[in-house]
Amino acid sequence: MTDRSDSAALLENGADARPVGRRDFVGLLAASGVAAVGARLPAAEWLRAVGARGATAPDSRIEILLGEPIGTIAPEIYGHFIEHLGGVIYDGVWVGEDSSIPNVRGVRQALIDALKPIGPAVMRWPGGCFADWYDWRDGVGPRGERPRRTNTWAESREIRDLGNIPQRFDPNAFGTNEFIRFCRAIGAQPYLASNVRTLPASVFHQWIEYCNSPAGSTTWADVRGQDGECEPFGVRFWGVGNESWGCGGNFTPEEYASEFRRYSTWAVPNNGIPLAFIGSGPSGGDMDWSRRFFRALRERNAVNSMWGWALHHYCSAGGEAIKYSDTDWYDLLASANRMESLITDHWQVMREVDREHRVKLVVDEWGAWHKMTTNVEPQHLFGQQSTMRDALVAGLTLDTFNRHADKVAMANLAQLINCIHSLFLADGPKFVKTPSYHVFAMHASHQGGQGVRTVVSAPTVHWTGAQNAAHSLWGLNGSASLKERSLILTVTNSHLTEPRETEIAVRGGKIRSVVATVLTAHSIHDVNTFEQPDVVAPTTASVRASSGALVYTFPAASVTKLEIMLSG
Ligand code: AHR
């Protein structure tokens, strides 16, 4: 699994990257910083080791080029997704107003409190596949009078014998108003996904009217007022379908282009809000879906009505959420790392039609999807625990989005709570943050920053996968952004056992002070549980940097944030 050869992997962060020669760094370095300490350490012990100097020269380099901006990192890249699926809504987000569990108008208080500090810029709802059957009219009006409907996921093997539970027969207690109030409570913009599979465009337009038409102006605005919400919601983001190549209707790209046009063009009521329509894009590397859809949309003269093109990418590997081998670890990270080429490849294909790149990428479902063995409750379909492996997936992926700030306008982790790659697990009154939550908290400082090109050079990680195939992965991965004099550098070290002593140079700026926040664990299989919620938690400490030069050692199997203050 290890390769200490000199063949450094060059990670090109941003456009037109060029290799960084070792001599570029030598002149910048003075004795300073943090040493390699050998084995994997939990964050607290790691930071105690800060200050000891390594015996060997750094084997890795990071060069941050302040003069080469990529684009503003859209806060919406740090978005989330909730679906009426398993324990996400019922038991996760929604506990009900009469619950003994602390809540704000029915929404779990602990969830609101935990989300607010990490800036969840946007929240997607109600699905996913659930959206492809959902009639929004079921979820408005007096809660006690709303219909119960069979959930899309009701017949899933894991839950079909569990009786009349809300996960199978949805009581519609959580509808548009409840969702909007949740978004307001956490400071997120709502992103509503419409049903293109079983409802006509007129019902979609009525939903827009319900949400956005001024008080007293339309019948739907009156209904909203009767629901206690006189003022319009001002919803900007609208998904036109979901996975229209699959659960969203099994359309061909050409058929879906026609649907997209019918839903999004000609007199859609906007009430002064710049509506942003998001098309149902490809699954992973399905270039044919992107290419044929864009061509068909051009033929229908409707490219201008689209704001975002939604890519879905779930990574997976052998093993289970907690039990996995070293090979499974690397396989999962490599699968997550595909995000890099998915973004660049689809971007190229989009350009064949959209030469100016008016349409941006929206990765509205991403995350690590494991075999279902660790859900907290049987009804929590796809519920899974989360370890440092998932935290690394989160760090790798968010860094990838940052590096493509010019292309990615929004992204939504699937899914927020009790599900696939969740930030939280909950069960009745119990609630816990997973390691991935901490990654989002660490990366939150990138939101709204200017992404700057960052060149990372580190020894490649090699391993042998199934059928004895040789694989490799960049040793270090990262991204940087600048807000005034505050430079944020986030880095993942994928290697299971080797720390990476790294020379860090800031081109065009002088380092004044550095604070490091590190997330790592005693064992890569450690998890946070209701009983022991802080087994995997980050630690923060300041780092010594002298004469503007910084040497920092990234622990094995870690996610790190360096907050670098630059001089005047
Ligand atoms: O996130 C779970 C499911 O994965 C979503 O409902 C669907 O869009 C995707 O296939």
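The values are calculated or read from the model by the stated rules, or taken from the named source; none is laboratory data. The shown structure was predicted, so the numbers you read here are calculated from the model rather than taken from an experiment. Please note: Cβ atoms are built from the backbone with ideal geometry, for glycine as well, and neighbour counts cover all protein chains shown. Ligands, DNA and RNA are stripped out before the accessible areas are found, and what is left, the full protein with its side chains, is counted by its heavy atoms. Shrake-Rupley method; radii C 1.70, N 1.55, O 1.52, S 1.80 Å.
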Whole-number percent relative contact order across the chain, with pairs defined as alpha carbons under 8 Å at least 6 apart: 24
Full-stretch length increase - Leu162, Gln226 - with 0.36 nm per residue and alpha-carbon distance subtracted: 19.5 nm
Length released on extending from Asp135 to Thr373, taking residue separation times 0.36 nm less the Cα-Cα span: 82.5 nm
Sites Ile101 and Asp534, calculated FRET efficiency, Cβ-Cβ separation with R0 22 Å, nearest 0.05: 0.55
Gained length - Lys510 relative to Arg358, 0.36 nm times residue gap less alpha-carbon distance: 51.1 nm
37 °C / 0.692 mPa s Stokes-Einstein diffusion coefficient of region 74-447, Kirkwood radius on C-alpha pairs, µm²/s: 158
Computed E for Asn468/Asn271 - FRET, C-beta separation, R0 60 angstrom, nearest 0.05: 0.50
Loop-located GluC sites (Glu not before Pro) in region 128-229 whose Cβ has at most 14 other Cβ within 10 Å (DSSP): Glu155
Cysteines without a disulfide-compatible neighbour (Cβ-Cβ under 4.7 Å), the chain: Cys183, Cys211, Cys230, Cys315, Cys419
DSSP beta bridge pairing in the chain, given as percent antiparallel to the nearest 5: 60
Efficiency of FRET between Thr252 and Ser546 - r from beta-carbon atoms, R0 56 angstrom, step 0.05: 0.35
Amide H partners (placed H, <5 Å) of Asp406, local residues excluded: none
Residue-averaged 222 nm ellipticity for the chain, from DSSP H runs of 4+ at -39500 (n - 2.57), nearest 500: -6500 deg cm²/dmol
Nearest-10 value in Å² for the accessible area of Arg507, using the 1.4 Å probe: 70
